[in-house]
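The values are calculated or read from the model by the stated rules, or taken from the named source; none is laboratory data. The structure displayed is predicted, hence computed values, not measured ones. Please note: Cβ atoms are built from the backbone with ideal geometry, for glycine as well, and neighbour counts cover all protein chains shown. Note: areas computed on protein heavy atoms with side chains; ligands, DNA, RNA excluded. Shrake-Rupley method; radii C 1.70, N 1.55, O 1.52, S 1.80 Å.
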Amino acid sequence: MNRAEIQAWLREEAPARLEDLWRRAEAARRRHVGDEVHLRGLIEISNFCVRECLYCGLRASNCALARYRMTAGEILAAARQAVAFGYGTVVLQSGEDYGIETAWMSGIVRRLKALAPLAVTLSLGERPEADLAAWREAGADRYLLRFETSNRALYDRIHPPLAGRPSDRAAILRRLRELGYEIGGGIMIGIPGQTYDDLADDVEMFRTLDLDMIGVGPFLPHPATPLGCADAGCAPPGEQAPNTELMTYKVVALAQLVCPGANIPSTTALATLNRAEGRELGLQRGANVVMPNLTPLEYRAKYEIYPAKACLYETPGDCDACLKRRIAALGRGVGVGPGASRRAGAAPRVFTRG
Ligand code: SAM
Ligand code: SF4
């Protein structure tokens with residue numbers, strides 16, 4: 001798919017024409033990753049963050065947010081639930097929290113790998129290379145780091161760097177691949193100031209980075225952040241990319257077409273826009289992964305990256321049962337095992353006990 005086609009699909013509004021995009025994305029999804037839907041158990045291990053991203057409720061200066069960091073015992077207990085539910089992957093996500101010490105995290109990864117043949121995915125922000133290398137050495141398999149937008153000026157505006165450390169998420173993703181991780185990138189859709197052309201660049205960036213996992217979701221304004229305010233600004237008339245459900249489906253479908261074999265989640269942000277069937281529609285337009293939430297209920301509401309998140313108070317058991325029921329209703333099966341990347345050129349991997 002060339003750039004002109006990507007641009008045309010992003011502007012397409014006719015339901016009948018879009019059916020063609022969904023059909024093509026689904027054919028690619030079926031051919032490259034099959035009908036199975038993989039469940040990745042999400043554990044939101046800390047909401048401390050040193051950063052000041054203009055879009056995110058976890059930003060350091062949000063004093064209204066009560067902070068937490070899960071203990072090793074709590075993380076292990078959540079991972080045991082993942083194993084009991086039959087998940088092949090756990091995803092440990094947090095703010096950029098240097099209270100998560102390198103050696104402590106390495107120990108957690110080792111204990112998770114000793115628990116079962118689980119894939120361990122980390123999403124802990126822009127940690128120094130020595131940390132990323134240590135965690136890979138400990139057995140971590142995958143790393144998620146969305147580049148958010150490929151428009152450098154927009155990125156710099158919404159994602160201030162730490163003092164003396166320029167932020168280049170694409171470079172970090174490339175380094176993560178060299179370290180042997182499967183790499184996941186992605187974007188927010190409809191950031192104030194993000195244009196249709198920016199989105200086309202983003203889709204091309206998925207292809208250039210040759211991602212193993214692609215996470216895309218609508219930008220959802222948080223009132224306690226600068227981008228959540230009414231005067232957050234936007235691109236010139238007719239150019240601003242909308243933060244809608246439909247635009248998210250288009251980018252999911254295009255991601256599947258430009259990165260065949262990548263694992264693509266139907267995200268909670270999408271389910272937040274359409275609680276009744278957002279997840280299902282994502283899975284019917286190119287996605288093949290969902291991420292049931294295993295975070296203990298006492299912490300859930302505190303991981304407030306945006307407000308009114310879907311499924312906020314569902315217990316892990318309810319979340320598991322609900323997602324499995326929805327997958328079955330689509331006539332799809334639940335994936336068994338870690339569900340490794342099937343991107344052409346991905347090294348065959350063995351997810352053993354550590
Ligand atoms: N701190 C890590 C990082 O930034 O990569 C991982 C956690 S961060 C909360 C995970 C993702 O949440 C970000 O990459 C961003 O795309 C998404 N996010 C943050 N604020 C958001 C918002 N207001 N609306 C939609 N997605 C948001
Ligand atoms: Fe921190 Fe990630 Fe939120 Fe930025 S997006 S403030 S790094 S948690």
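Among the residues of region 237-247, write down those that are modelled with pLDDT of 95 or more and either farther than 17 Å from residue 201 by Cβ or not in a helix (DSSP H, G or I) (or both).
Going residue by residue through region 237-247, those that are modelled with pLDDT of 95 or more are 239-247.
If the condition is that a residue be modelled with pLDDT of 95 or more and either farther than 17 Å from residue 201 by Cβ or not in a helix (DSSP H, G or I) (or both), then 239, 240, 241, 242, 243, 244, 245, 246 are the ones that fit.
Within the group 60, 16, 27, which residue is modelled with pLDDT of 95 or more, more than 23 Å from residue 283 (Cα to Cα) and open to solvent by 20 Å² or more (accessible area, probe 1.4 Å)?
Values: 16 fails: more than 23 Å from residue 283 (Cα to Cα); 27 fails: more than 23 Å from residue 283 (Cα to Cα).
None of the other options fit; the residue is 60.
Residue check: is residue 249 among the aromatic types (Phe, Trp, Tyr) and touching a strand residue (DSSP E or B) at 6+ places or on another chain (Cβ under 7 Å)? Give the derivation first.
Working: among the aromatic types (Phe, Trp, Tyr): yes; touching a strand residue (DSSP E or B) at 6+ places or on another chain (Cβ under 7 Å): no.
So residue 249 does not fit the description; no.
Considering only residues that are away from ligand 2 (no atom under 16 Å from the Cβ), crowded, with 18+ Cβ neighbours inside 10 Å, not small (Gly, Ala, Ser) and not in a helix (DSSP H, G or I), which ones fall in region 78-119?
Result: 87, 89, 90, 118.
Considering only region 178-189, state which residues are within 16 Å of residue 217 (Cβ to Cβ) and either surrounded by fewer than 22 Cβ atoms within 10 Å (Cβ to Cβ) or more than 16 Å from the chain's Cα centre (by Cα) (or both). Talk me through it step by step, then tell me what you get.
In the first step, residues of region 178-189 are kept if they are within 16 Å of residue 217 (Cβ to Cβ); the result is 184-189.
Selection gives nothing.
Restricting attention to region 195-228, which residues are over 19 Å from the mean Cα position of the chain (by Cα) and within 16 Å of ligand 2 (Cβ to nearest atom)?
Answer for region 195-228, where residues must be over 19 Å from the mean Cα position of the chain (by Cα) and within 16 Å of ligand 2 (Cβ to nearest atom): 223, 224, 225, 226, 227, 228.
Which residue, of 41, 73, 34, is touching a Phe, Trp or Tyr at 6+ places or on another chain (Cβ under 7 Å) and farther than 27 Å from residue 201 by Cβ? Steps first, answer last, please.
Values: 73 fails: touching a Phe, Trp or Tyr at 6+ places or on another chain (Cβ under 7 Å); 34 fails: touching a Phe, Trp or Tyr at 6+ places or on another chain (Cβ under 7 Å).
That would be 41, the only listed residue that is touching a Phe, Trp or Tyr at 6+ places or on another chain (Cβ under 7 Å) and farther than 27 Å from residue 201 by Cβ.
Somewhere in region 51-66, is a residue in contact with a Leu (Cβ under 9 Å, 6 or more places away or on another chain), on the phi > 0 side of the Ramachandran plot and either more than 16 Å from ligand 2 (Cβ to nearest atom) or not polar (S, T, N, Q) (or both)?
No, because not a single residue in region 51-66 is in contact with a Leu (Cβ under 9 Å, 6 or more places away or on another chain), on the phi > 0 side of the Ramachandran plot and either more than 16 Å from ligand 2 (Cβ to nearest atom) or not polar (S, T, N, Q) (or both).
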